[in-house]
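Heads up: the structure comes next, in structure tokens.
The values are calculated or read from the model by the stated rules, or taken from the named source; none is laboratory data. For clarity, every value in this text was computed on a predicted model and none was experimentally measured. When we count neighbours, we look across all protein chains shown, and the Cβ atoms used for this are built from the backbone with ideal geometry, even at glycine. Ligands, DNA and RNA are excluded from the accessible area calculation, which covers all protein heavy atoms including side chains. Shrake-Rupley method; radii C 1.70, N 1.55, O 1.52, S 1.80 Å.
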Amino acid sequence: DQQVKQNSPSLSVQEGRISILNCDYTNSMFDYFLWYKKYPAEGPTFLISISSIKDKNEDGRFTVFLNKSAKHLSLHIVPSQPGDSAVYFCAAVEYGGSQGNLIFGKGTKLSVKP
Amino acid sequence: KAGVTQTPRYLIKTRGQQVTLSCSPISGHRSVSWYQQTPGQGLQFLFEYFSETQRNKGNFPGRFSGRQFSNSRSEMNVSTLELGDSALYLCASSLELAQNEQFFGPGTRLTVL
């Protein structure tokens, strides 16, 4: 059963507008979340992360929001640019113990149209 | 700093064969993790190596194995290849064990015929 779900396989947005990518998780033990961006023929690159003790983290045009009660996080890109077109993966990790591996969602393909 | 490198980038094998993929982490990184990416399952964790020891393992059969050398370089091996093993295999490195922010290589695209 998927512990990290990205229910939208694709999203199309106009340049300059806001892109909102969503992610839901089921494991309440997850306490750190990350977003990765992946271009074709390249490995994922780290974008932004958030700890479960926060509800928001900003880095330039990228903001991640975390709603622990709803087990939901979202990535906002404002303003969206054509170069943002990529597949975005949400990932979660259970900190501490022996768990160090990232659990990924299946990704959302973002297309930003000029 | 050079990024994570993986060789080969592309590989074609037939069922029943075995394959070895190589990963060189970012200089100074001591942990290497391997992931399998397929269209149906997305990115799935295979295993993590640190100080030449496997520290974490995902839910994959024993045909998937790996090792890490003293210079932190890692190899993964898949024996008795099956059609379903066709995937992009990604290696990621981090400074220490079980660190959340991992840096990925470009992957090795394995096709099993």
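Worth pointing out:
- Linear extension gain, B:THR7 paired with B:LYS57, 0.36 nm per residue minus alpha-carbon span: 15.8 nm
- Residue order for A:ASP31, B:ASP85 - accessible surface, 1.4 angstrom probe, largest first: A:ASP31, B:ASP85
- Remark: chain B carries 46 Å² of accessible area per residue (probe radius 1.4 Å; ligands, DNA and RNA excluded).
- Net dipole in debye of the protein assembly as shown [+1 Lys, Arg Cβ; -1 Asp, Glu Cβ; about Cα centre; nearest 20]: 380 debye
- Equivalent ellipsoid dimensions for chain A as semi-axes, Å, which come from the Cα gyration tensor, largest first: 24, 15, 12
- Remark: accessible area buried at the A-B interface is about 1600 Å², both chains counted, probe radius 1.4 Å.
- With each label modelled as a point 7 angstrom along the Cα→C-beta vector, the A:ARG61-A:ARG17 pair spans 1.5 nm.
- Among the chymotrypsin sites (Phe, Trp or Tyr not before Pro) in the range B:16-113, those located in a DSSP loop and surrounded by at most 16 other Cβ atoms within 10 Å of their own Cβ are B:PHE69.
- Rounded to the nearest 20, the Cβ-based charge dipole of chain B about its Cα centre (Lys and Arg +1, Asp and Glu -1) stands at 200 debye.
- Extending 7 Å from the Cα toward the beta-carbon at both B:THR14 and A:THR45 defines two label points whose distance is 4.0 nm.
- Sites A:GLN81 and B:SER79, calculated FRET efficiency, Cβ-Cβ separation with R0 35 Å, nearest 0.05: 0.20
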